[in-house]
Each structure stands twice: as C-alpha cells, then as structure tokens.
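The values are calculated or read from the model by the stated rules, or taken from the named source; none is laboratory data. Every value quoted in this text rests on a predicted model; they were computed, and no experiment measured them. Here the Cβ positions follow ideal geometry from the backbone for every residue, glycine too, while neighbour counts run over all protein chains shown.
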Amino acid sequence: MTILVFVGSLLLAMAMGIPIAFALLASGVALMWHLDLFDAQILAQNVIGGADSFPLLAVPFFMLAGEIMNVGGLSKRIVDFALAVVGHVKGGLGYVTIMAGCLLSALSGSAVADAAALTALLLPMMVKAGHDKPRAAGLIAATGVIGPVIPPSIGLVIFGVAANVSISKLFLAAIVPGLLIGAALWLTWAWLVRREKIVPPPRKSSAEIFATFRKATWALMLPVIILVGLRMGVFTPTEAAVVAAVYALFVSTVIYREITWRDLYGIFVSAAKTSAIVMFLIAAAMVSAWLITVADLPSKIVGLLEPFMGNQILLMVAIMVIVMVVGTAMDMTPTILILTPVLMPVVKAAGIDPVYFGVLFIINNSIGLVTPPVGTVLNVVAGVGKISMDDVTRGVVPFMIAEFAILFVMVAFPQLVIAPARWFGG
C-alpha cells in the first residue's frame with residue numbers, strides 16, 4: 001500500500017501537468033499523510049537540507065563551465081579539429097559528430113549543452129553535404145547521450161551524492177564505458193552511411209590539421225587537467241568544477257577573446273537559471289528520499305526482486321529494464337533522485353559493486369534522454385535544428401538500439417567497467 005501511495009500520487013501529479021519538482025513534493029506530502037507523519041517543519045528541513053551539500057556545488061559550476069565553453073568558442077574549435085582529422089572520409093561529418101561529442105563530453109558533462117552545440121554547428125553542414133536530415137539529427141541526439149557519461153558528469157555527481165558513493169571513483173570508472181558508447185555509434189553510422197552517395201570534402205593537409213589542433217589545444221587541455229587532478233588527488237570533483245569554470249572563463253576572455261565582460265552577465269544568468277531548476281529538483285527529491293527510508297520501501301523492493309537476488313547478472317538485467325521503462329516517461333535527474341535510494345539497498349544486498357552499478361545506472365538514464373515520448377535531448381535537437389520531433393525520433397532509433405546493446409553487454413560482462421575503473425583508480 002505504501003508503494004502504491006507514493007507511486008500513485010507521483011504519477012497523478014505528473015498527469016495533471018504539475019512540474020516534476022512540485023510533483024515530488026506532492027508525493028512526499030501524500031506519503032507523510034499515509035504514514036501519519038505530516039509536519040510542515042520536517043518538510044521544510046528536508047528541502048533545505050537536500051540542497052545544502054558541498055558535493056552538489058559541482059552542479060552549478062559545471063553548468064557555468066558549459067555555458068562559457070559554448071559561447072566562448074571552445075566547442076567550435078573542438079569541432080573544427082575533429083573536422084580536419086576525419087572530415088574527409090565517407091560519412092566524415094558523422095564521425096566528426098561522434099569525435100566532437102566525446103571531446104565535448106569531457107568539458108561540460110551536460111547532454112543538453114552538448115547536443116545544442118553539436119546541432120547548431122554540424123546539422124546544417126551534414127544536410128548541406130547531402131546526408132538525410134532525420135538520420136543526422138538522430139546521430140547528434142544519440143551522441144549527446146555521451147555527455148553525462150564521460151567525466152566530468154553532472155549525472156554522476158548527483159548519483160554520488162544520493163547514493164553516498166565516491167564521485168571521483170565514478171568519474172574514473174565511466175571513461176571506458178563512455179568511449180565504448182562512442183565506438184558503438186561509430187560502427188552504427190558506418191553501417192548506415194555505406195549506401196549514401198556523399199562526396200566527402202578533400203583531405204586536410206598536415207599543416208591544416210596541426211593549425212586546428214593548435215587552436216583547440218587550450219580547449220583540449222581542460223579534460224586532461226580535470227582527470228589528472230582527480231587521479232592524483234589534487235582536487236575533489238567539486239573543486240574540479242570550479243577549476244573547469246575558471247579555466248574556461250580565462251581561455252574564452254584572455255586567449256580566444258570571444259567573450260567580453262559585457263557578455264558575462266547573460267552567461268551567469270543563464271547558468272544560474274539552469275542550476276536553480278536542477279537544484280530545486282534535487283531539494284524536492286530529498287523529501288521523498290527521506291520518506292522512502294522512513295517507510296522502509298527498499299526492503300519491500302528487495303522482496304519483489306528476491307527471485308533475482310541469487311544471480312547478479314539477472315538482477316542487473318531486471319533493474320536496467322525497470323530504469324529503461326521509467327526513462328521513457330521521466331527526465332534523467334528526477335529518475336536518479338527517485339530510484340537511487342530505492343535501488344541502492346538492493347544492489348548492496350546482492351553484493352554488486354556500487355561504482356559499477358552507478359556507471360550503468362547513469363548510462364541507462366542518459367539513453368533515456370533520447371527515448372520517446374519525453375526525450376529531453378530529442379526536444380533540444382528538434383528545436384535547435386528546426387526539425388520535427390517525429391523525424392528526430394525516427395533518425396535516433398538505430399543509434400539508440402546500439403547504445404542499449406552496449407549497456408547490456410556491460411551488464412553481461414562487468415569486467416568491461418570494473419577492470420578499467422581499477423586501473424584508472426590505481
């Protein structure tokens with residue numbers, strides 16, 4: 001009955017069109033009434049306490065870094081470098097999209113920011129070259145999924161806070177899985193583009209490639225600084241977010257000089273608005289998380305998944321299917337915040353590595369950003385690229401299937417995640 005009250009009130013509030021943050025608060029209040037625990041003071045304390053977290057400071061700073069990178073020319077120079085390296089092969093613009101997506105993922109950690117930048121820069125070029133517009137838009141949307149996987153990742157930060165798991169270990173463990181998703185998209189694009197009659201642009205000379213690399217060097221140094229700093233223990237993930245924002249600001253204003261001091265106000269306001277939405281969502285979800293613990297919902301979920309508890313792979317398959325279904329109807333952040341306190345006790349009871357689970361959980365939630373009907377990234381690509389939602393959805397399907405295939409390969413072979421994580425983590 002407790003599960004029914006929580007899930008039913010949440011779904012009812014969402015069906016009424018109530019924003020997800022307020023829907024979470026409404027479901028929390030409903031659960032409080034059901035448990036005879038309603039107290040407005042407790043509600044307020046949990047909302048305030050939910051956002052009062054040092055690790056969560058990484059979220060607004062990574063948001064700010066992403067805004068600065070897109071406006072300040074870092075994203076454009078990375079795309080130019082990728083275009084010079086692989087733009088000349090058949091379907092080269094698709095490979096440029098994937099390569100640039102992986103590099104941008106190591107800068108912003110936001111699927112929406114990466115997808116918007118790639119759509120604005122590359123979709124017109126791909127259409128002009130003769131590529132099918134829905135397929136090109138689908139590839140860009142699917143590439144945006146890599147954003148929350150390859151560190152730094154806002155999704156991994158939120159999961160690490162909600163699950164009390166080391167964010168640094170999550171960052172290092174997600175590198176190889178993110179690259180595997182990129183490889184899956186690369187192979188899928190190669191298969192789809194083989195029949196297209198596209199005349200690629202001429203190969204760039206070594207001098208031109210070196211020139212684009214030199215221009216992109218400052219942008220490419222940022223992920224190196226972050227990963228080396230985390231690996232060597234120079235700074236925490238939260239401090240890494242501050243380093244990313246300050247570095248991006250320095251490069252954009254002093255080196256590239258594409259941002260003036262007058263532009264900063266608009267950039268800071270935009271980042272603040274996006275951060276406020278995410279942080280309020282986190283704060284509202286913490287009410288539900290506290291009540292989930294009080295109502296002992298995790299033990300009830302453990303009971304439902306009892307038939308799978310003896311086999312870690314089957315349990316992971318069952319959990320991933322549940323997350324897939326939820327991801328079709330809910331955005332990434334609320335899914336993380338709602339399911340993490342429910343699933344983590346199950347994962348720990350089954351003896352599954354929390355870091356391994358966290359990486360796969362975030363990958364699944366990231367793919368949810370391109371699964372209809374909600375698909376936040378699909379909406380972004382459709383809006384920026386001026387293409388219908390139906391066309392983007394049709395174009396993304398083969399790439400989405402490839403990403404889910406990689407996810408379940410990692411479920412079947414955990415060492416694909418665990419072994420590189422141990423190597424990177426020392």
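Taken together, the residues in the range 339-354 that are more than 20 Å from GLY310 (Cα to Cα) and of a type in the set (A, V, I, L, M, F, W, C) amount to 1.
Residues satisfying the criterion are present in the range 341-361 (criterion: of a type in the set (Val, Ile, Thr) and closer than 23 Å to PHE22 by Cα). Pairs linking a residue in the range 124-144 that is at pLDDT below 90 to a residue that is surrounded by fewer than 24 Cβ atoms within 10 Å (Cβ to Cβ) and not β-branched (Val, Ile, Thr), with Cβ atoms under 6 Å and 6 or more positions apart or on different chains, are VAL127/LYS133. Counting only helices (runs of 4 or more DSSP H) that fall entirely inside the range 1-113 and contain at least 3 residues that are closer than 21 Å to THR238 by Cβ, under 22 Å from the mean Cα position of the chain (by Cα) and in contact (Cβ under 8 Å) with a residue 12 or more places away in the chain, the qualifying elements are 58-72.
Based on this model, can you work out whether ALA271 counts as at pLDDT 75 or above and aliphatic (A, V, I, L, M)?
Values: at pLDDT 75 or above: yes; aliphatic (A, V, I, L, M): yes.
Considered against the rule, which asks whether it is at pLDDT 75 or above and aliphatic (A, V, I, L, M), ALA271 comes out as yes.
Scanning the range 215-222 for residues that are assigned by TED's automatic domain parsing to the domain that holds ILE167, among the hydrophobic types (A, V, I, L, M, F, W, C) and surrounded by fewer than 12 Cβ atoms within 10 Å (Cβ to Cβ) turns up nothing.
Beta carbons closer than 8 Å, at least 6 apart along the sequence or on distinct chains, pair a first residue in the range 150-165 that is within 13 Å of VAL347 (Cβ to Cβ) with a second that is part of a loop (DSSP other than H, G, I, E, B) for PHE159/VAL165.
The condition (being in the same structural domain as GLY66 (by TED's automatic domain parsing) and either touching a strand residue (DSSP E or B) at 6+ places or on another chain (Cβ under 9 Å) or at pLDDT below 90 (or both)) is satisfied by just one residue among GLY182, GLY155, GLY178: GLY155.
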